[in-house]
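The values are calculated or read from the model by the stated rules, or taken from the named source; none is laboratory data. On a predicted model such as this, the values are computed, not experimentally measured, just so you know. Positions of Cβ are generated from backbone atoms using ideal geometry, with glycine treated the same way; all protein chains shown enter the neighbour counts. The protein model used for the area step is the full one, side chains on, heavy atoms only, and it has no ligands, DNA or RNA in it. Shrake-Rupley method; radii C 1.70, N 1.55, O 1.52, S 1.80 Å.
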Amino acid sequence: MNAAPSVVSVRSMDAGQIAQMSAHELGRVLFVIGFGVTAPDCPLPCGFMSVALPALSGSAPYEVWLADQSVSRVCPTQTDTIAFAKTDHILFGCASITQGDNDHLEHITEALYRQIFDCMDTAGMRHFSRAWHYLPAINSAEQSLERYRRFSMGRHEAFVAKGRQIERDAPAASALGSKTMPNQAAQLVIYFIATASPGTPIENPRQVSAYKYPPQYGPKSPTFARAFLAPSPQDIFYVSGTASIVGHETLHAGDVRAQTRETIANIEALAIEAEKRGAQQIGNAHRATHIKVYVRHAADIDIVREEVEAAFAGGRHAKIVYFEADICRRDLLVEIELLNCASAHLGR
Ligand code: 3EB
């Protein structure tokens, strides 16, 4: 039994696999994101963005985003900072900006996010499903305020300025630190998926909603939902970057195995919430599931891999990609995000 292809799906690939794609398949590619790599050495009809965050060895470095139908593309003009691709159902956009010496991160984040909302409005895809944020030096102070906190301020301002209601309109999200690559200007990269009709944000009963975090975590709370169900009849379940946070506090500081288990418990709780909203189909093991795992210290990878593979059936239903990345709280050692996940994949 073959399920109908999802409105959007993602494959982890290496350059050789991309070079093997047929012209028909390439016509369905929305975008290619390269982690720590430049564009593959073959003609690509779609947009490409490099993120300065290498995948750990054994993980394929390209994320290939595919639609279920042929794609129309709008590439940026010289002044635009956003490239996007569209089908009848979804918008996939990718925005980037280089921080100038006199810029504050919250200001360039707000400017970029305002453009993202304008792009969504113009495309008639006003509803966010998912956003990924990769920012250089995420835990470093910029004039005594952590850069992640400045980023959260700018994102919040753009939501308010563009009339978005956070509890309804915030997407599932991830925010990770990117690296400084030789001969490459450090860039804030945001890519996102939006739809014409609204989907369903999902919160985690084990966690305080991120947009309700108390002020000890920064002047403005982070603007994201814990997970998001794409609007019917799309059958996509996006789980945000999830970490060892219960209530609003980090648990198991310094213990990467316990943090990984707590993170998986949070993901299981989100899958149960999604099932309550009628998302049982997404648990179908025939569906591809994509998992990204970020570890703060590369030396922790074996412990994290052991726990993740035990929870997700050894990656039998899912491609699992590992990164070494800084996470937005200094005491967090691991963060996991997934796509199309449901309880059937969690080995229960
Ligand atoms: C947390 O739960 C961990 O700011 O967009 C996870 C996913 C985290 C997304 C974001 C932050 C973000 O608060 C950090």
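Selection of first residues in the range 91-108 that are free of Cβ contacts under 8 Å to residues at least 40 places away in the same chain and closer than 15 Å to Leu145 by Cα and of second residues that are open to solvent by 20 Å² or more (accessible area, probe 1.4 Å) and of a type in the set (Val, Ile, Thr), restricted to Cβ pairs under 9 Å at least 6 apart or on distinct chains, gives the following pairs, ordered by first then second residue: Asp103/Ile97.
Only one entry of Ser59, Ser96, Ser50 meets the criterion of being in a loop (DSSP other than H, G, I, E, B), at negative phi, buried (at least 17 other Cβ atoms within 10 Å of the Cβ) and not hydrophobic (A, V, I, L, M, F, W, C), and that entry is Ser59. Please work out if Val239 is away from the ligand (no atom under 12 Å from the Cβ), out of contact with any Pro (no Cβ under 8 Å at 6 or more places or on another chain) and open to solvent by less than 10 Å² (accessible area, probe 1.4 Å). Taking the combined requirement at face value, the residue does not satisfy it.
Can you list the strands (runs of 3 or more DSSP E) found entirely within the range 174-243 that contain at least 2 residues being among the small types (Gly, Ala, Ser), within 24 Å of Ser6 (Cβ to Cβ) and modelled with pLDDT of 95 or more? Of the strands (runs of 3 or more DSSP E) lying wholly inside the range 174-243, those with at least 2 residues that are among the small types (Gly, Ala, Ser), within 24 Å of Ser6 (Cβ to Cβ) and modelled with pLDDT of 95 or more span 237-242.
Among the residues of the range 99-118 satisfying the criterion of being of a type outside the set (S, T, N, Q) and under 28 Å from Gly27 (Cβ atoms), which is most open to solvent (accessible area, probe 1.4 Å)? Among those that are of a type outside the set (S, T, N, Q) and under 28 Å from Gly27 (Cβ atoms), it is Asp118.
When we screen Leu66, Leu91, Leu135 for residues that are at pLDDT 95 or above, among the aliphatic types (A, V, I, L, M) and either more than 16 Å from the ligand (Cβ to nearest atom) or not in a strand (DSSP E or B) (or both), the only hit is Leu91.
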